[in-house]
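Novice: Following this message is one structure expressed as structure tokens.
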Amino acid sequence: MNSFKIFDHYSFRARLQPALLTLLPVAVGVFAWTGPGVKWQSALWTLFGTAGGTYFLAILARNFGKQIEPALWLSWGGAPTTQLLRHSGAGNPMMRERWHSFLSKLLGKAFPTAQEEASDPAGADNIYGAAIKLLINKTRDTKKFHLVYKENVQYGYCRNLYAMRVMGIMFSLLGVVASFAAGCWAVHIGDSKIYPWVCLAAEALFLFWWVFTIKASWVKVPAFAYAERLLESTENLTRSTKAGATKSKSDAA
């Protein structure tokens, strides 16, 4: 467990945990053959963590997640924040107007009108994307923007887990085969052990979960929730800016 101490909260929850869940069917398949009480398993895990295996898994999940993100956004019609900022997008137009007002000042560039967006949608999206990058840098304080951070962790977790989906299905299938083989071998040698069949049931549940739950639509919900919280943070930033300006005037007086 000491190998986990090198991770911050985000890296542990959004990167390492999806990778460990992906490998869990492999561990269950091994358990189906070895059973409980095998000391070399804990020693092997310690060696794996000491050698940087857990850190590698976290990087792997993160890289896979970043690789699939552009395709995910494209299938949804654009990045969630971009969709919420578009004049043609869904959402409350009054809130969109407030977001545009703040972000245009942050970017130092006027946001496109509805007509300008319609005539040059790619250019408008570039402006929205640039403003969002600046907004993200303004909201990195996890305590001050706790809700933004919380939704970001959840989105990162779901995205990275979805990115590991193919690998998870493959490992689950291997786990089903390994557990079934362990159960058949136990019957063949006249052993009445039950845990190979329990492992088989667990592997079947893993496979069902990967195939029918971990989908692009499953990632979309936290993605838009994070986008909404991020844009809502402009209200806090606006109040902070006004408070700072008022304080400056008072000090000057």
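Novice: On the first, second and third principal axes, largest extent first, how far apart are the outermost C-alpha atoms of the chain in Å?
Specialist: 87, 44, 25
Novice: Given the convex hull over the Cα atoms of segment 112-253, what projected area results after averaging over all orientations, in nm²?
Specialist: Value for segment 112-253: 13.8 nm².
Novice: Output wanted: per-residue J couplings in Hz (rounded whole) for segment 79-92, from phi through Karplus 6.51 cos²θ - 1.76 cosθ + 1.60, θ = phi - 60°, x for Gly and Pro.
Specialist: Computed from phi, the couplings for segment 79-92 are 4, x, 5, 5, 4, 6, 8, 5, 4, 8, x, 6, x, 6 Hz.
Novice: Can you pull out the trypsin sites (Lys or Arg not before Pro) in segment 103-204 whose DSSP state is coil and whose Cβ has at most 11 other Cβ atoms within 10 Å?
Specialist: Taking segment 103-204 and a limit of 11 other Cβ atoms within 10 Å, the loop trypsin sites (Lys or Arg not before Pro) found are R140, K143.
Novice: In a Gaussian network model over the chain where Cα atoms closer than 10 Å are linked, find which of G65, G77, G175 has the largest mean-square fluctuation.
Specialist: With Cα springs under 10 Å in the chain, the top fluctuation among G65, G77, G175 is at G77.
Novice: A follow-up question, please. So, for segment 134-243, what is the accessible surface per residue at a probe of 1.4 Å, expressed in square angstrom? Spell out each step's value before the answer.
Specialist: Values: 6000 Å² over 110 residues.
Using a 1.4 Å probe on heavy atoms only, each residue of segment 134-243 averages 55 Å².
Novice: Quick check: at a probe of 1.4 Å, how many percent of the accessible area of the chain sits on carbon and sulfur atoms?
Specialist: 65
Novice: Select from S233, S192, S104 the residue whose mean-square fluctuation is largest in a Gaussian network model of the chain (Cα-Cα springs shorter than 10 Å).
Specialist: Result for the chain, Cα springs under 10 Å: S192 fluctuates most.
Novice: With all protein chains present, calculate the accessible area of I59 using a 1.4 Å probe and round the result to the nearest 10 Å².
Specialist: Its accessible surface works out to 70 Å², give or take rounding.
Novice: Of the residues H188, H100, H87, which exhibits the maximal mean-square fluctuation in a Gaussian network model of the chain defined by a 10 Å Cα contact cut-off?
Specialist: H188
The values are calculated or read from the model by the stated rules, or taken from the named source; none is laboratory data. What you see is a predicted model; the values in this text were computed from it and never measured. For neighbour counting, all protein chains shown are included, and Cβ atoms are generated from backbone atoms with ideal geometry for every residue, glycine included. Calculation scope for accessible area: heavy atoms of the full protein, side chains included, ligands and nucleic acids excluded. Shrake-Rupley method; radii C 1.70, N 1.55, O 1.52, S 1.80 Å.
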